[in-house]
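Report on the following structure.
The values are calculated or read from the model by the stated rules, or taken from the named source; none is laboratory data. Just so you know, these numbers come straight off a predicted model, no measurement behind them. Ideal geometry is used to build each Cβ from the backbone, glycine not excepted, and the neighbour counts take in all protein chains shown.
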Amino acid sequence: MPSISRTFTIPSTSPSTSPLSISLHEPSLTGDNLGFKTWGSAFLLSQRLSSIASDHLSHIFSSPSSPRILELGSGTGLAGLCASALWSTSVTLTDLPEIVPNLAKNVETNRPVVEERGGSLSVQELDWSTVRSHHSDFDVVLAADPLYSTEHPALLAPAIDGCLAHDEGARVLVGFPLRDEPTRAMGEELKDLLSQRGFELLHHGDEYGFDDWEVNGERARVHCWWGIWKRKMEMHNGADGTI
């Protein structure tokens, strides 16, 4: 698949706010670098971010201090960019070293649009396998379509645990497609691993749409599941808040 540049438009949920347009560059896609592709499930989750914030994360955004948001496996950056713009907050977008240069390019392209809406952006390299407990203190950890290898659930769960603040109000938001049995199995494994680490699933939902390639002459349908977790605080009895 050759390199392309595309614009994704997120409809406004308020008559007083204009739609959000995010312009993304996608380098040539290879089997080793699926993070160069903007997947339909990331677009579906991005469209839901405003309602998720108002319905399930209002306690975070009503706080006097500005919340800190981390995106794991940002890829081309769509979900993280939209989160920063739609939530008017700081978002740190992260991915592997080979993905970050294109991610950083997309962040700079869209920085004026995001900052105009009250958001701010930073980009960092982050390998999930290097995250340790009490690695950071983010109020929200976000991941859009992060599971495309059987090893990913076992890497993502501890990365989430290591990055999320040990606070009653901190939340995890993960969205992933239910394309086939392998992807469904990876999603169920992630849910189980988060539960084992003391996370409680609070809310979940389903989104339906299309990817931008064809199967038998028709655009591929996408069923995206998303969930919001919090820590079960009784699980964290250590003096420093860790398990």
Kindly establish whether residue 4 is in contact with a strand residue (DSSP E or B) (Cβ under 6 Å, 6 or more places away or on another chain), more than 19 Å from residue 144 (Cβ to Cβ) and surrounded by fewer than 23 Cβ atoms within 10 Å (Cβ to Cβ). yes
Quick check on my filter: what residues within segment 141-199 are assigned to a loop (DSSP other than H, G, I, E, B), among the hydroxyl-bearing types (Ser, Thr, Tyr) and farther than 17 Å from residue 96 by Cα? 150
Restricting attention to segment 129-140, report how many residues are part of a loop (DSSP other than H, G, I, E, B) and polar (S, T, N, Q). 2
So which pairs qualify, if the first residue must be in segment 194-207 and touching a residue at least 60 places away in the same chain (Cβ under 8 Å), the second must be part of a helix (DSSP H, G or I) and of a type in the set (D, E, K, R), the Cβ gap must be under 9 Å, and the two must be at least 6 apart or on different chains? 203/55; 205/48; 207/48
Only one of these is touching a Pro at 6+ places or on another chain (Cβ under 8 Å), of a type in the set (Val, Ile, Thr) and touching a residue at least 12 places away in the same chain (Cβ under 8 Å): 109, 89, 94, 76. Name it. 89
Being small (Gly, Ala, Ser), within 14 Å of the chain's Cα centre (by Cα) and modelled with pLDDT of 95 or more is the filter here, so list the residues in segment 42-74 that pass it. 46, 50, 53, 73, 74
Given the structure, is residue 170 more than 14 Å from residue 230 (Cα to Cα), aliphatic (A, V, I, L, M), in contact (Cβ under 8 Å) with a residue 60 or more places away in the chain and touching a helix residue (DSSP H, G or I) at 6+ places or on another chain (Cβ under 9 Å)? no
So which residues in segment 52-86 are of a type in the set (D, E, K, R) and under 14 Å from residue 141 (Cα atoms)? 68, 71
